[in-house]
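Colleague: Pasting a structure below so you can have a look.
Please treat every number below as a calculation from the coordinates, not as lab data. Values in this document were obtained by computation on a predicted structure and should not be read as measured data. Cβ: placed from backbone, ideal geometry, glycine included. Neighbour counts: every protein chain shown.
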Amino acid sequence: LSYNRLEFLNDNTFKNLENLKILQLDNNKLLYMNDILLQNLLNLEELYLNDNRISLVHSKAFQNLKNLKIIRLENNEIILINPNWFEDKNQLYEITVCNNKGILSHSRCSIYGEENINVFKKEIRGNLNLDTNRIIIFNKI
């Protein structure tokens, strides 16, 4: 579904695609990710949401994606990264969140503060790319 003009996806769009491994939604006009859209993609390994207009991602948007290895969120309008996005993602190898609006603090902790960076260290065995953001709070690593 890459390189279309999608602004909205119905909650049931991926309902019967439990075995889908790669989902490419990049280069569209998506505005947000809710907590229902991806919930049935139990075997998803790669998720490409880069180059959209996403500003809001629900804290449980990626909750059921236990096999996720790669997530690309660069070139959006995201202002908050929630540590819940990456909980229980033992296979996660790459997170790319480059070139977004700016990264703000989360109510539980400073984004990329000590608590969050420990989540990343524990769960990512590969790359965490934060280039070209306007990071507001960055505590020690």
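Colleague: How long are the semi-axes of the equivalent ellipsoid of the stretch 1-75, defined as square roots of 5 times the Cα gyration tensor eigenvalues? Whole Å, largest first.
Modeller: 18, 13, 12
Colleague: Okay, next question. In the neighborhood of D26, defined by Cβ-to-Cβ distances under 10 Å, what is the net charge if each Lys or Arg adds +1 and each Asp or Glu adds -1?
Modeller: Around D26, the charge tally is -1.
Colleague: Now a separate question. Once you list every other residue whose beta carbon is under 15 Å from the beta carbon of N12, what net charge do they have if Lys and Arg are +1 and Asp and Glu are -1?
Modeller: Surrounding charge for N12 is -2.
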